[in-house]
Amino acid sequence: MRGIGIPQVARHLGFLVGESPSSFTVAPCPACGVDRRHPNRRDRRGAIGVRRSAPYGFRCFACHESGDALHFVSLATVRRKFGGLSSAGVREVREVCLRILGEPLESLPRREVAAAPRYPGTGEVHRLWGEASSVTSDAEARAYLKDRHLDADHIAELDLARVVPRDARWQPTWAQMPGGRSWSASGYRLLLPLVDATGTMRSILARSLHSDRGPKSLAASGFERRGLVLACPQARAMLGGGVPGRLVVAEGELDLLTAATEPAADWSSLGVLTGSWSPELSSRIPRGSVVVIATDLDPAGERFAAQICEGLGVRARAGELRVERWRGGR
Ligand SMILES: [Zn+2]
């Protein structure tokens, strides 16, 4: 929707759209209802101006409301801003958007909007995960986890990670180092599922069992990791439409494993990586949840925390979620 011009959307919704060489005018304003740019009735220009060079945003000269096509539809349909709508409001706005998107659109090109991230094929992701072994079956993985105060049995029980054997019979072509060596042959044998905002496994992260050389972990070669997070089973269920709860957001795979296997854990755990957090993720956390941001207390961790807080800000201000910062200690 954000790539569609305001004039097209306004016309679809029955607003008056005027044109001049440099701009479009739209009346009335979906926010304040004023239909003239100035109180002077002889001013024929509509309340809203849309520049021809950038028709994807609107601004009302009377009330100064501004936004994109989604915002316009939301104001015109339910008289409220899209962020902070109830789920019934979102459904109503979504239906109008789908009708607009389903129609052939004339006159203005659609803006190039960021393409959906490219993830590896689902079949290969599931096959690699399915053929991997329990972390309890691999002496090297057990020792690696033990050194980091992680309980392999608990990790296996929750199925948070698996191990690809050193002599794996099959690995997808994306399970390789930049130089072409396979993950298993390079020691990147500890696998963790990467899930999307609905809690569905879309890719796999491979962590090296040799901490001394190279990057600590690798994502699927040639594919994106954007929008994907690490998650314990309960967190995946929450994102999939589950019940609200306490959700701890940790940084990286080891902190995720630590948070998820904490003996007294009465929370669900997410693990974020660079580029993980997305607006979709912010919107999928069930209403009524408490989000505890437990990223590291260093500059990088604070950047993650700030990004997550910003993403959840609208929902927190609307009283849908509570956001807390974990300042250490239990
Ligand atoms: Zn207005």
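The values are calculated or read from the model by the stated rules, or taken from the named source; none is laboratory data. Predicted, not measured: the structure shown is a model, and the values here were computed from it. Cβ coordinates were reconstructed from backbone atoms using ideal geometry, including for glycine residues, and neighbour counts include every protein chain displayed.
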Checked segment 5-21 for anything without any contact (Cβ under 8 Å) to a residue 60 or more places away in the chain and touching a strand residue (DSSP E or B) at 6+ places or on another chain (Cβ under 7 Å); matches are R11, L16, V17, G18
The correct count of residues that are touching a Gly at 6+ places or on another chain (Cβ under 9 Å) and more than 15 Å from the ligand (Cβ to nearest atom) in segment 1-30 is 4
Within segment 137-169, restricting to residues that are more than 18 Å from L257 (Cβ to Cβ) and surrounded by 12 or more Cβ atoms within 10 Å (Cβ to Cβ), the one that is modelled with the highest pLDDT is P165
Subset of segment 186-225, residues on the phi > 0 side of the Ramachandran plot and modelled with pLDDT of 90 or more, comes to G187, G199
Here the residues within segment 49-78 that are loosely packed, with under 14 Cβ neighbours inside 10 Å and either in contact (Cβ under 8 Å) with a residue 60 or more places away in the chain or more than 12 Å from the ligand (Cβ to nearest atom) (or both) are S53, A54
Residue check, R44 more than 32 Å from the chain's Cα centre (by Cα) and either under 29 Å from E280 (Cβ atoms) or not hydrophobic (A, V, I, L, M, F, W, C) (or both)
yes
Does at least one position in segment 31-40 carry a residue that is within 18 Å of V96 (Cα to Cα), near the ligand (Cβ under 10 Å from one of its atoms) and touching a residue at least 24 places away in the same chain (Cβ under 8 Å)?
yes
Considering segment 290-329, residues that are without any contact (Cβ under 8 Å) to a residue 24 or more places away in the chain and part of a loop (DSSP other than H, G, I, E, B), and then whichever is surrounded by the fewest Cβ atoms within 10 Å (Cβ to Cβ), we arrive at G329
When every residue in segment 82-136 that is at pLDDT 90 or above and aromatic (F, W, Y) is compared, the one surrounded by the most Cβ atoms within 10 Å (Cβ to Cβ) is Y119
